[in-house]
Amino acid sequence: MAKETEPDETELDDQTQDVADGEEPDYKALYEKALKSSRRWETRSKANLKELNELKSAAPKADPTVEERLGALESENAALKASAARSALVDSVAKATGLDRATVAMLNGSDEDALTEQANALAAAMKPKGGAPTAPEAGRRDKPGKPSKKDILSIKDAKERKAAIAANIDLF
């Protein structure tokens, strides 16, 4: 920044003494003095401008204006409302069609009719066709009927055979 902002007192005294003595002032010397002072202030001004530009470039970006912040908040609010509406739509279609919510959420219908149509088509495609046997649910075993005496005696492992005989003692 500027080191001095006011002219030196000695400069003012020199100028006033020349005029106070009643002599004709040396205009050439006054001009050269003013020119020297002007150059000094010009140099200081350029240094200040350079320092100001450095500070501006180093300064962080200005805070967003109120209008910019308001616009961002409004767009965020609209996105949240749209997300909540989509979630409610997915819940209602899942309940109406009997499909899992996660499955309905993967569909791309934009309104209730389109989403319901897609969910119904998916549910129809997932139903088994004809009288084809279905696979057992995960973690559940089909319970076979009671084994016969011949089935138990055909077990090769002795421990398993004895366990099967003990479980079905009424056959023996």
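Here are some notes:
- Residue, farthest from residue 125 (Cα to Cα), within segment 60-105, restricted to residues that are of a type in the set (S, T, N, Q) and over 22 Å from the mean Cα position of the chain (by Cα): 92
- Residue 108 falls short on exactly one of the conditions (1) at pLDDT below 90; (2) part of a helix (DSSP H, G or I); (3) polar (S, T, N, Q), and that condition is (2).
The values are calculated or read from the model by the stated rules, or taken from the named source; none is laboratory data. Quick caveat, the model's predicted, so the values are computed rather than measured.
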